[in-house]
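Accompanying notes for the structure given below.
The values are calculated or read from the model by the stated rules, or taken from the named source; none is laboratory data. No experiment lies behind these values; they were computed from the predicted model shown. In this analysis, Cβ positions are derived from the backbone assuming ideal geometry, glycine residues included, and neighbour counts consider all displayed protein chains.
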There are 2 protein chains.
Amino acid sequence: MVFQLDSRENPKVKHFIRLLNNGKYREEQGLFAIEGARLCMDALQSGIPIAELFYTEEAAKKYNTIVADLGQKALKTYQISEGIAKKMGDTTHPQGVFCTCKTLDKPDDLVTIGTDSRILAMENIQDPANLGAMLRTAEAVGIKGVICSAGCCDMYHPKVLRASMGAVFRLSVRLEENLPKMLRGLTGMGVLTMAAVPDASACPVTSLRFDRSAVAVIGNEGNGLTKEAIEACEVRVTIPMKGRAESLNASMAAGILMWEMLR
Amino acid sequence: MVFQLDSRENPKVKHFIRLLNNGKYREEQGLFAIEGARLCMDALQSGIPIAELFYTEEAAKKYNTIVADLGQKALKTYQISEGIAKKMGDTTHPQGVFCTCKTLDKPDDLVTIGTDSRILAMENIQDPANLGAMLRTAEAVGIKGVICSAGCCDMYHPKVLRASMGAVFRLSVRLEENLPKMLRGLTGMGVLTMAAVPDASACPVTSLRFDRSAVAVIGNEGNGLTKEAIEACEVRVTIPMKGRAESLNASMAAGILMWEMLR
């Protein structure tokens with residue numbers, strides 16, 4: 001059954017916009033909002049529970065199959081006007097397909113550490129575009145599990161979802177309140193924990209052998225890793241630079257470390 | 001001699017803002033505009049000719065040495081109010097240091113192809129943040145020469161300059177009207193020219209030996225390389241993906257290819 005929404009002031013529309021813009025509201029509701037045919041389809045195909053679907057008449061024609069598939073799974077479906085779509089859209093030219101989805105219980109999504117695990121841990125990554133880019137790269141190079149410290153930006157932030165190209169939906173992501181403690185535990189278990197530092201005296205990543213499980217730990221864009229996180233790791237690792245020091249941005253450094261772990 | 005500028009309508013202020021925002025005006029004037037203590041100092045230290053310096057009283061205190069060094073080299077120096085600085089600033093919190101600089105004659109900045117050259121070529125890169133990120137990474141990993149096709153965004157765009165962290169000033173950059181022709185020439189000279197394609201049937205970068213000069217060629221964010229550019233190259237190269245195909249963004253793909261050429 002498709003409901004018709006005609007007013008921009010409709011509580012459903014307001015609810016969607018609040019989910020898009022407000023991290024605290026997302027957490028309270030256990031929901032997040034996504035926009036665009038591709039991202040909504042990615043969510044569906046990754047088994048993310050779809051709570052509500054909103055679509056325009058135009059979108060129903062253009063993304064025929066996608067809207068139909070989403071409509072089958074969504075608990076509630078609303079048809080909206082172009083005007084409402086413009087209001088709901090976070091992008092300049094919204095495609096007219098929007099969903100609210102249930103957040104996965106990622107905090108309990110324990111990463112199983114086998115002998116050949118390759119994990120990315122991120123501490124206090126602030127920029128949603130960076131976090132999203134790292135998740136996208138992680139998935140591409142074959143990382144299965146990602147650890148986010150509690151100080152990272154919200155992984156359901158629209159910019160994270162967009163930059164990650166849906167990788168958030170498919171990766172095993174663990175939110176960790178106490179990252180140094182977790183790293184100490186992993187180090188104790190014999191996992192190769194590597195603190196990424198822009199320091200020529202640290203161990204070059206090219207000299208490491210990845211013959212056991214390994215975790216690459218990347219710190220905040222401006223300040224790098226905390227002292228506690230570095231001390232909790234087995235080694236300090238660096239990417240040998242031929243140009244000026246500290247010249248790789250956080251997501252590029254993370255990309256090269258992940259690539260090296262898996263190449 | 002320091003001139004005092006008091007009006008936001010002053011032609012010098014308008015000139016600066018136009019240089020910041022208008023690529024055609026930059027080209028006509030042979031000048032570009034930069035903002036921020038670090039970037040202005042980078043330009044100076046890289047030997048970029050400083051035409052004008054603008055600074056606030058606050059900045060003269062906070063960035064004492066930098067403002068003094070810039071003032072020594074600038075042809076003209078203007079002290080400006082905080083109000084004017086806010087108007088000139090492209091960022092939310094301008095530091096109060098601004099310069100106009102002469103563009104380098106980059107089109108004639110020929111890359112000398114030796115037997116161990118490692119070059120990045122970019123075709124039709126549209127996003128200034130991507131172009132800037134690639135230049136930053138190129139410098140960090142030790143690339144010396146970069147080729148930009150004429151269809152790339154302007155390398156003096158403020159977002160390119162900022163994302164490149166000044167790498168534009170230090171790299172040898174060649175603007176190329178006819179990239180496929182240039183690539184055919186390089187291929188003919190025995191340079192390993194590699195067209196980056198997201199295609200599992202292409203040659204994995206990890207199976208190539210970099211025992212001669214090499215050029216990695218990266219295409220547009222959405223459309224990839226043109227057919228002409230691909231055909232002009234010796235090999236089609238790809239980054240083996242373990243996750244979903246086409247999941248690396250252009251700057252990350254460029255980063256990994258450059259890293260592999262130089263690791």
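Taking the stretch A:163-191 as the range and being of a type in the set (A, V, I, L, M) and part of a strand (DSSP E or B) as the test, the residues that pass are A:Val173, A:Leu175. For the stretch A:42-94, a residue qualifies if it is under 21 Å from A:Val13 (Cα atoms) and acidic (Asp, Glu), and the qualifying residues are A:Glu52, A:Glu57, A:Glu58, A:Glu82, A:Asp90.
Yes or no: the stretch A:253-262 includes at least one residue that is assigned to a loop (DSSP other than H, G, I, E, B) and not assigned by TED's automatic domain parsing to the domain that holds A:Leu20. Within the stretch A:253-262, none of the residues are assigned to a loop (DSSP other than H, G, I, E, B) and not assigned by TED's automatic domain parsing to the domain that holds A:Leu20.
Please go through (1) touching a Gly at 6+ places or on another chain (Cβ under 7 Å); (2) at pLDDT below 95; (3) more than 14 Å from every other protein chain (Cβ to nearest Cβ) for B:Leu262 and return the number of the only condition it doesn't satisfy. Condition not satisfied by B:Leu262: (3). Residue check: is B:Glu35 farther than 12 Å from B:Met88 by Cα and either surrounded by fewer than 14 Cβ atoms within 10 Å (Cβ to Cβ) or in contact with a strand residue (DSSP E or B) (Cβ under 8 Å, 6 or more places away or on another chain) (or both)? Here the answer is no, as B:Glu35 does not meet what is asked. Among the residues of the stretch A:30-39, none qualifies, meaning not one is at pLDDT below 95 and closer than 30 Å to A:Arg212 by Cβ. Taking the criterion of being crowded, with 22+ Cβ neighbours inside 10 Å, aliphatic (A, V, I, L, M) and over 17 Å from the mean Cα position of the chain (by Cα), the residues of the stretch A:40-66 that qualify are A:Ile50, A:Leu53, A:Ala59. Considered as a group, the residues in the stretch A:1-57 that are among the hydroxyl-bearing types (Ser, Thr, Tyr) and part of a loop (DSSP other than H, G, I, E, B) include one that is nearest to A:Cys101 (Cα to Cα), and that residue is A:Ser46.
The residue list B:Val205, B:Val217, B:Val197, B:Val191 contains one member that is within 14 Å of chain A (Cβ to nearest Cβ), crowded, with 17+ Cβ neighbours inside 10 Å and either at pLDDT 90 or above or farther than 25 Å from A:Ala254 by Cβ (or both), which is B:Val205.
B:Val168 fails exactly one of the following numbered conditions: (1) at pLDDT below 95; (2) closer than 22 Å to B:Leu262 by Cβ; (3) of a type outside the set (D, E, K, R); (4) more than 20 Å from the chain's Cα centre (by Cα). What is the number of that condition? Against the list (1) at pLDDT below 95; (2) closer than 22 Å to B:Leu262 by Cβ; (3) of a type outside the set (D, E, K, R); (4) more than 20 Å from the chain's Cα centre (by Cα), B:Val168 comes up short only on (4). Among the candidates A:Val160, A:Val237, the residue that is of a type in the set (A, V, I, L, M, F, W, C), closer than 30 Å to B:Arg118 by Cα, free of Cβ contacts under 8 Å to residues at least 60 places away in the same chain and not in a loop (DSSP other than H, G, I, E, B) is uniquely A:Val237. The condition of being away from chain A (no Cβ under 14 Å) and buried (at least 20 other Cβ atoms within 10 Å of the Cβ) holds for B:Leu179.
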